[in-house]
1. Counting Lys +1, Arg +1, Asp -1, Glu -1, what net charge surrounds N88 among other residues with beta carbon under 14 Å of its beta carbon?
2. I want the local charge near E128. Using Cβ-Cβ distances under 11 Å, sum +1 for each Lys or Arg and -1 for each Asp or Glu among the other residues.
3. On full extension of the chain, what length is gained from T44 through E95, given 0.36 nm per residue of separation minus the C-alpha to C-alpha distance?
4. Here is the link list: K68/K127; K40/K75; K40/K94; K40/K127; K68/K130. Which ones come out longer than 22 Å on Cα distance?
5. Give, in nm to one decimal, the length gained when the segment between K68 and M126 is fully stretched (0.36 nm per residue of separation minus the Cα-Cα distance).
6. Amide H neighbours of T44 under 5 Å, at least 5 residues apart or on other chains, H built in the peptide plane: list them.
Amino acid sequence: MATYPIVQDKVSTNPINPMGDSRMGEKTTNIHIGEGVVIKGSITLPGHATVNGSVDGELRAGSLEIGKTGEVIGKVFANRISVSGILNDEIHCKEHFHISSTGRVTGNLEYSEIEIDRGGKFIGDMKEIK
């Protein structure tokens, strides 16, 4: 498995619209980390991060989606977080935090609103923030 260090990825959308961005043709800052891709280091972006590979390090994003094959180990800061894979360490979520039925979360969680589907797992400490 190869390791690719990335600090920030800027993607300019096109008519095919691979990021699902509703602002066709506008510049946006999103990142998609595909299955089999491993990133070690920090990622900071104002947009959306989708992780189907592996991230080992700090991740700061407007929103974060961890797919079934995704794994994030490290400090995470985002407004909205959805976990279908694995998330471990320190988690700071300003708005909505969701663990799907396949999601596994371990660590310290600060959240404003939380939703855990049947089968979703959380091990650690939770603190509600207002």
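Coordinate-derived values only; no laboratory data. None of these values were measured; they are calculated from a predicted model. Here the Cβ positions follow ideal geometry from the backbone for every residue, glycine too, while neighbour counts run over all protein chains shown.
1. Result for the local shell: -3.
2. Taking every other residue near E128 into account, the sum is 0.
3. Going from the current span to full extension adds 16.6 nm.
4. Exceeds cut-off: K68/K127; K40/K94; K40/K127; K68/K130.
5. Additional length available on full extension: 18.6 nm.
6. R60
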